[in-house]
Amino acid sequence: MEAQASQSGFNEWTIPWDSPDCEEIEQLRLGRFRPPEYDLPSGVVETYQRDGVAFLKGAFADWVEPLRAGLARNVANPDSYRFPAESTAPGEPGRFFDSYCNWPLIPEYRDFVFHSPAASIAGQVMQATQAQFFHEHAFLKEPGTQKATPWHQDMPYYCVTGNQTCSVYVALDQVDLDLSVKYVKGSHLWDKLYHPKVWLDGEDFNTADKTMEPVPDISANLDAYDIASWALEPGDTILFTFRTLHGTSDGEMRKGRSAFSTRWMGDDVRYCERPGETTSPPYEDHDMQEGDRMREDWFPVVWRKSLTA
């Protein structure tokens, strides 16, 4: 593929988007394929609906090594994949890397989307009749990194709106509690959207969108919020909505921290035009209009609730 010219801001093109073409999508369309189901522990759905975040111990332990291998491809040759971002400025210690929308290109990522129970888990906690795949997002903070992930919601970055959403965040390394991602419990119910942040410098963007407001200074007032956070082992999983506020401290990473997150949409999610910089994922020529369901050939419905469930 030929490289595409870089855009300004957080969406840096490297290679162009192609509509996904894989056997699993065709098998799903024909009703010949179904991903594995997952038997959720009691209380997880209720916790997710109430807090906007829930934890599963060791749910993806068997997927850690394949996902590490996929991430190694992504990190070693980032310009061969889509939207690589380096969020440590020159002179800052360590490395904070992320990249997304690469599931058609990285076989380990694609296998996880279709052959892990992630879709089943997302569909259940969303209380949806289906789980439609949005995109994946991989992260790495190397040892010595002292860069905070700014407090943010995911939805303001996205071209979708709706309440039935879920990120399935899989830890690929052991993470101590003080360096783990923190979540504001119940923030998904605040009926507020906050300006997205540039991870490199923590500045707001798309501030002309008056339907949003600045993120409150949560780090300076942690005691004022009900915070959820977990020490993590590889394979541990955090589930959270696109509206749940989350972020990290700028504490020095004593070990590397990598993670792999898949984003899922339920029945009520629709395409949304947001003003300002092109939102994530910034695909062109999608032919969707405000309020449309997300097209299933680009965003496949991986899981459907059993009629006997």
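The values are calculated or read from the model by the stated rules, or taken from the named source; none is laboratory data. These numbers come from a predicted model, not from an experiment. Cβ atoms come from the backbone with ideal geometry, glycine included; neighbour counts cover every protein chain shown.
Checking Glu233, Glu284 one by one, the residue that is more than 14 Å from Ala122 (Cβ to Cβ), modelled with pLDDT of 95 or more and charged (D, E, K, R) is Glu233 and no other.
Scanning segment 58-80 finds one or more residues that are under 22 Å from Lys305 (Cα atoms) and of a type outside the set (Lys, Arg).
Table: residues versus (1) out of contact with any Lys or Arg (no Cβ under 7 Å at 6 or more places or on another chain); (2) not aromatic (Phe, Trp, Tyr).
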| position | (1), (2) |
| --- | --- |
| Ser219 | yes, yes |
| Tyr225 | yes, no |
| Glu233 | yes, yes |
| Arg257 | no, yes |
| Val269 | yes, yes |
| Tyr283 | yes, no |
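Within segment 269-281, the only residue that satisfies the criterion of being out of contact with any strand residue (DSSP E or B) (no Cβ under 9 Å at 6 or more places or on another chain) and modelled with pLDDT of 85 or more is Glu273. Restricting the first member to segment 205-218 and to residues that are farther than 10 Å from Glu277 by Cα, and the second to residues that are polar (S, T, N, Q) and not in a strand (DSSP E or B), the beta-carbon pairs closer than 9 Å and six or more apart or on different chains are Met212/Asn206; Pro214/Thr207; Val215/Gln153. Of all residues in segment 35-60, those being surrounded by 15 or more Cβ atoms within 10 Å (Cβ to Cβ) and either charged (D, E, K, R) or assigned to a helix (DSSP H, G or I) (or both) number 7. All conditions in (1) of a type in the set (S, T, N, Q); (2) at pLDDT 95 or above; (3) over 22 Å from Phe96 (Cα atoms) hold for Asn221, with the sole exception of (2). Which residue is surrounded by the fewest Cβ atoms within 10 Å (Cβ to Cβ), if the candidates are limited to segment 181-211 and must be among the basic types (Lys, Arg), in contact with a strand residue (DSSP E or B) (Cβ under 7 Å, 6 or more places away or on another chain) and in a loop (DSSP other than H, G, I, E, B)? Per the stated criteria, the residue is Lys192.
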